[in-house]
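Worksheet: one structure, shown below.
The values are calculated or read from the model by the stated rules, or taken from the named source; none is laboratory data. Keep in mind that what you see is a predicted model, and the values were worked out from it rather than measured. We place every Cβ from the backbone using ideal geometry, glycine too, and count neighbours over all the protein chains shown.
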């Protein structure tokens, strides 16, 4: 349902929206810009007060709703996130980095100094934490939106629910539910393709299985993931244990169920 | 009203005429076709879209298409789809509201007036439809969306002449021969160079359609061949389930340690409930546009394997995988009987084949009831 871009009750102040970036690739923020027609409706419904990807103009806080992208990887960011929290009435984290620590949380499994010396020509200038952690390990988060990147329809749904004071329709069940509703035959059962869908939260629109690919778990663990059982089955399908572990160690490597499964 | 005309023979080369005739009568013909490595149910216009010369092998968590040496149209077993996707769509808008000042106004949603002709409905699936009829239209509450579609369908049943690795319809008393609930029922016979259908009609609509097709009376020998082929399917069921006293046995074994063992394998992914032709649970989602001026309510397939399903104030009732699997199985085979007067299982085997880790309802029942 496309909304009128000039939405909002006349005379009523529009809620102020701010978008914040921490350690991340900006892809989730871009999902907001990618909303096309709906973006106009969003711009009509809220005052975009701080959104560096879209505009350099910054309106002073406090903000009614903040979208936070990225994970915490530096001492500076660990302090800055508290300022963002203080300036925000309602705070929503968006994407795998903000909700689980992102791909950069691979450092949590290694000695970060080893990485720094390989990646940077002058490692002495790098000041970084030993871990990459999700936002909710630092502050209270009002709602978490999963995905690498987030799904734009889900992003609009969360903002929409906030604006209309209702519960967002963001299910936490497995991707399989979304996949079966779409009428797709299971790629693992019918084609023997390794798929992480049964342990992954729905929401992406079943991107990979729609193209006869297994799910890569970009949306992180579903509500009650049984990782060991799926790992056993994948091994029976002939997938190498090392490959299964690698499949779990991607964008949501630091999510509890995946971390535990990949270290087992 | 059930009527039974003498069976006739339809040559396989005239199968296309049946589709054409149904289309001419205003039906949308839906039936088996190959997509993404499986035989699914979708819109079909011509017989070449059917899974000609294909069959499948099925086991717990495994489904594979295979070629046959002949050009059979219906020599496969049930696949990932069931007819419930037309009668009880996976996602359906129930109503629309528009804000009118301080009030809301309902905006009517046009009824689905599509008249479907279901091509290739198996005996177990006829039974599944009859079970869903009890849920959606024969009880205290009538679902108008379901009934609108249901009342107009034309059913071309196909008797099974082979059984799949996960089939157990004979245990459930639902197949392999279509007994009731169809307009036309076909038995596909291939012997040597002969390829024909034995066709029975069970309704006025069925008789009318059949009348216009080139056909001739079936001989006793042809009927015998067809019956032998159906009997063959009966003998090759891949699975079996003891149903005697099953409800009581399940009730007596609520605390059986095997529930925990299944739970250690169960992914709570809900695939079994999605592919089940009788599972009827749904959730509703209310959505608004950004202005809050327009709202819609959508009904979507839901599953007793999700936490949200049993969520009440304070949390979910069934938190553990064990409690969710037990709820599903005991409802399907036990409490369903109390609720609707039949078992909720038709023995189609979908939940076994399409479980990503091959959990087998027949095996789990055997364990939980200690083989009784």
Could you pull out the residue among B:138, B:112 that is more than 14 Å from the chain's Cα centre (by Cα) and closer than 20 Å to residue B:346 by Cβ? B:138
Within segment B:122-148, the residues that are in contact with a strand residue (DSSP E or B) (Cβ under 8 Å, 6 or more places away or on another chain) and either more than 15 Å from residue B:182 (Cα to Cα) or in a loop (DSSP other than H, G, I, E, B) (or both) are B:122, B:145
Would you please name the residue that is farthest from residue A:225 (Cα to Cα), looking only at residues in segment A:135-153 that are more than 12 Å from every other protein chain (Cβ to nearest Cβ) and in a helix (DSSP H, G or I)? A:152
Among the residues of segment A:166-176, are any crowded, with 24+ Cβ neighbours inside 10 Å, facing chain B (nearest Cβ under 9 Å), in contact (Cβ under 8 Å) with a residue 40 or more places away in the chain and not in a loop (DSSP other than H, G, I, E, B)? yes
Within segment A:28-43, how many residues turn out to be more than 14 Å from chain B (Cβ to nearest Cβ), buried (at least 17 other Cβ atoms within 10 Å of the Cβ) and in contact with a helix residue (DSSP H, G or I) (Cβ under 8 Å, 6 or more places away or on another chain)? 2
Take the residues of segment A:88-105 that are surrounded by 17 or more Cβ atoms within 10 Å (Cβ to Cβ) and over 10 Å from the mean Cα position of the chain (by Cα): which is nearest to residue A:32 (Cα to Cα)? A:92
Against the condition within 14 Å of another protein chain (Cβ to nearest Cβ), farther than 22 Å from residue A:250 by Cβ, in a helix (DSSP H, G or I) and in contact (Cβ under 8 Å) with a residue 60 or more places away in the chain, how does residue A:158 come out, does it pass? yes
Residue check, residue B:214 against (1) within 21 Å of the chain's Cα centre (by Cα); (2) at pLDDT 95 or above; (3) in a loop (DSSP other than H, G, I, E, B), all met but one. Which one? (1)
Among the numbered conditions (1) surrounded by 18 or more Cβ atoms within 10 Å (Cβ to Cβ); (2) out of contact with any helix residue (DSSP H, G or I) (no Cβ under 9 Å at 6 or more places or on another chain), tell me where residue B:189 comes up short. (2)
Determine which single condition residue B:27 fails, assuming it passes every other condition in (1) more than 14 Å from chain A (Cβ to nearest Cβ); (2) within 23 Å of residue B:195 (Cβ to Cβ); (3) in contact (Cβ under 8 Å) with a residue 24 or more places away in the chain. (2)
With B:92, B:66 as the choices, which residue is over 16 Å from residue B:348 (Cα atoms) and without any contact (Cβ under 8 Å) to a residue 24 or more places away in the chain? B:66
Here are the criteria: (1) surrounded by fewer than 21 Cβ atoms within 10 Å (Cβ to Cβ); (2) in contact (Cβ under 8 Å) with a residue 24 or more places away in the chain; (3) closer than 29 Å to residue A:203 by Cα. Tell me which single one residue A:149 does not satisfy. (1)
The number of residues in segment B:157-171 that are out of contact with any helix residue (DSSP H, G or I) (no Cβ under 7 Å at 6 or more places or on another chain) and outside any loop (DSSP other than H, G, I, E, B) is 2
Yes/no for residue B:37 being within 13 Å of another protein chain (Cβ to nearest Cβ), surrounded by fewer than 22 Cβ atoms within 10 Å (Cβ to Cβ) and without any contact (Cβ under 8 Å) to a residue 24 or more places away in the chain: no
Taking segment B:59-68 as the search range and keeping residues that are part of a strand (DSSP E or B) and more than 9 Å from chain A (Cβ to nearest Cβ), which one is surrounded by the most Cβ atoms within 10 Å (Cβ to Cβ)? B:59
If residue B:162 satisfies every condition in (1) surrounded by fewer than 20 Cβ atoms within 10 Å (Cβ to Cβ); (2) more than 18 Å from residue B:350 (Cβ to Cβ) but one, which is the exception? (2)
Could you tell me whether any residue of segment B:313-321 is closer than 29 Å to residue B:57 by Cα, in contact with a helix residue (DSSP H, G or I) (Cβ under 6 Å, 6 or more places away or on another chain) and modelled with pLDDT of 95 or more? no
Criterion (over 19 Å from residue B:301 (Cβ atoms) and either buried (at least 16 other Cβ atoms within 10 Å of the Cβ) or free of Cβ contacts under 8 Å to residues at least 12 places away in the same chain (or both)) met by exactly one of B:75, B:71: B:75
Residue ID - surrounded by the most Cβ atoms within 10 Å (Cβ to Cβ), chosen from residues in segment A:44-64 that are touching a residue at least 12 places away in the same chain (Cβ under 8 Å) and more than 17 Å from residue A:33 (Cβ to Cβ): A:63
Give me the residue from segment B:87-96 that is in contact with a helix residue (DSSP H, G or I) (Cβ under 8 Å, 6 or more places away or on another chain) and more than 11 Å from chain A (Cβ to nearest Cβ) and, out of that set, modelled with the lowest pLDDT. B:94
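Residue-wise test of (1) part of a loop (DSSP other than H, G, I, E, B); (2) closer than 30 Å to residue B:331 by Cα; (3) in contact with a strand residue (DSSP E or B) (Cβ under 8 Å, 6 or more places away or on another chain).
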site	(1), (2), (3)
B:230	no, no, yes
B:240	yes, yes, no
B:248	no, yes, no
B:260	no, yes, no
Counting residues that are at pLDDT 95 or above and under 18 Å from the mean Cα position of the chain (by Cα), which strands (runs of 3 or more DSSP E) fully inside segment B:1-46 reach at least 1? B:28-35, B:38-43
